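The values are calculated or read from the model by the stated rules, or taken from the named source; none is laboratory data. Not measured: the values here are computed from a predicted model. FYI the Cβ positions are ideal-geometry reconstructions off the backbone, even for glycines, and counts take in every protein chain you see. Remember, those area values only see protein heavy atoms, side chains included, never the ligands or the DNA or RNA. Shrake-Rupley method; radii C 1.70, N 1.55, O 1.52, S 1.80 Å.
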Amino acid sequence: MWLAFAFLSAALLGCYDVCKKHALRGNAVIPVLCINTCICCALFLPGIVGSALGTVGVDSAYFIPGGTPAAHGFVVLKSCIVLSSWLCGYFAIKQLPLTIVGPINATRPVLTLLGAMLIYGERLNAWQWAGVLLAITSFYLLSRSGKREGISFARNRHILLLVAAALLGAMSGLYDKYLLAPEASGGAGLDRMFVQGWYNLYQAIMMTTVLLVLWLPARRCGEAQPFAWKWSIVCISLFLTAADLAYFYALSNPDALISVVSMVRRGSVLVSFCVGAWLFREKNLRAKAFDLLLVLLSMVCLFIGGR
């Protein structure tokens, strides 16, 4: 069951990337990200307040516990990691094609896999290894295809931002496994709704501070790009929240492998590739078709191996 939720999270993440690209085209990054975090926070704030006041019962699926100061410290650290990854990723995706963004983001499972093997001692079966190797090969070929579009991976600052976002994203995935793992297994044993609810609240506070302190003064001086409202900004938050719910539900299963969950979530590149090709008229698609077939095969192998 946890693998099915990982696949659902991947599909939702693909829609999230498409909405993000649409919202950021010709738009200011900081306000878009701030609105995104505030909407996500608003989805969980009633649960936080209601749980504290007792109007949301412990048996409710929307119950969000208060937590200890130590638990909140763990979540604040997660918020810093995720928000840093988002900032790098948002600035990069604004300037790069989705068919380039996907392959670079797809390095996250490789990094997560290495971390999971070193830190958690996870072991994969033959089917899962086949899926991982196919995915690594396909993502490498997709990255090579991107070079034909004239984007230098070594010199383009937006590529470097994407790499930073990938590293931070992999760090976040490993940290999530620690946060949600039972204390008996060496984890923090935090409730998944507690983590998701409170980290969205802390992110909204952090991002609002960045907006007020950095972007608004720069905008008044004419040094920042103007902000334009788009309904796709709301869709970013909705798809992201749904994807995170499926993701945290998958990781809360004691049998879940963080390396497999992270790899499956990178299947979102299929959604972003197809819609990016159609909606944003991106180029060099024929050269990437075989690479995408390898991605599909890798997802099938991971699904069989996880049963």
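Just to be sure I understand, how many residues within segment 1-38 are outside any helix (DSSP H, G or I) and open to solvent by 10 Å² or more (accessible area, probe 1.4 Å)?
3
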### Task
Test residue 277 against the stated conditions and say whether it is without any contact (Cβ under 8 Å) to a residue 12 or more places away in the chain and surrounded by fewer than 24 Cβ atoms within 10 Å (Cβ to Cβ).
no
### Query
Residues 130, 165: which one is over 21 Å from residue 292 (Cβ atoms) and modelled with pLDDT of 80 or more?
165
### Summary
Checked pairs for segment 284-301, first within 14 Å of residue 99 (Cα to Cα), second among the β-branched types (Val, Ile, Thr) and buried (at least 16 other Cβ atoms within 10 Å of the Cβ), C-beta under 7 Å and 6 or more apart or across chains, list as 288/99; 295/269
#### Entry: Residue count, segment 1-58 (criterion: of a type in the set (S, T, N, Q) and either in contact (Cβ under 8 Å) with a residue 24 or more places away in the chain or within 16 Å of residue 231 (Cα to Cα) (or both))
4
### Task
From the list 18, 32, 76, pick out the single residue that is over 16 Å from residue 238 (Cβ atoms) and among the β-branched types (Val, Ile, Thr).
76
### Query
For segment 169-186, which residues satisfy the criterion of being over 14 Å from the mean Cα position of the chain (by Cα), buried (at least 16 other Cβ atoms within 10 Å of the Cβ) and not hydrophobic (A, V, I, L, M, F, W, C)?
177, 178
### Task
Would you check if there is a residue in segment 211-218 being free of Cβ contacts under 8 Å to residues at least 12 places away in the same chain, open to solvent by 60 Å² or more (accessible area, probe 1.4 Å) and assigned to a loop (DSSP other than H, G, I, E, B)?
no
### Task
Give 32, 101, 76 a once-over and let me know the one that is at pLDDT 90 or above, within 30 Å of residue 147 (Cβ to Cβ) and out of contact with any Lys or Arg (no Cβ under 6 Å at 6 or more places or on another chain).
32
### Task
Would you tally the residues in segment 48-73 being touching a helix residue (DSSP H, G or I) at 6+ places or on another chain (Cβ under 6 Å) and either open to solvent by less than 40 Å² (accessible area, probe 1.4 Å) or aromatic (Phe, Trp, Tyr) (or both)?
6
## Note on the structure
Within segment 187-210, of all residues that are without any contact (Cβ under 8 Å) to a residue 12 or more places away in the chain and part of a loop (DSSP other than H, G, I, E, B), the one least open to solvent (accessible area, probe 1.4 Å) is 187
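Residue-wise test of (1) more than 27 Å from residue 133 (Cβ to Cβ); (2) modelled with pLDDT of 80 or more.
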{"site": "240", "(1), (2)": "yes, yes"}
{"site": "245", "(1), (2)": "yes, yes"}
{"site": "270", "(1), (2)": "no, no"}
{"site": "281", "(1), (2)": "yes, no"}
{"site": "296", "(1), (2)": "no, no"}
{"site": "301", "(1), (2)": "no, no"}
{"site": "305", "(1), (2)": "no, no"}
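Assess whether residue 227 counts as being in a helix (DSSP H, G or I), over 30 Å from residue 186 (Cα atoms) and either modelled with pLDDT of 75 or more or open to solvent by 30 Å² or more (accessible area, probe 1.4 Å) (or both).
Spelling it out, it is not the case that residue 227 is in a helix (DSSP H, G or I), over 30 Å from residue 186 (Cα atoms) and either modelled with pLDDT of 75 or more or open to solvent by 30 Å² or more (accessible area, probe 1.4 Å) (or both).
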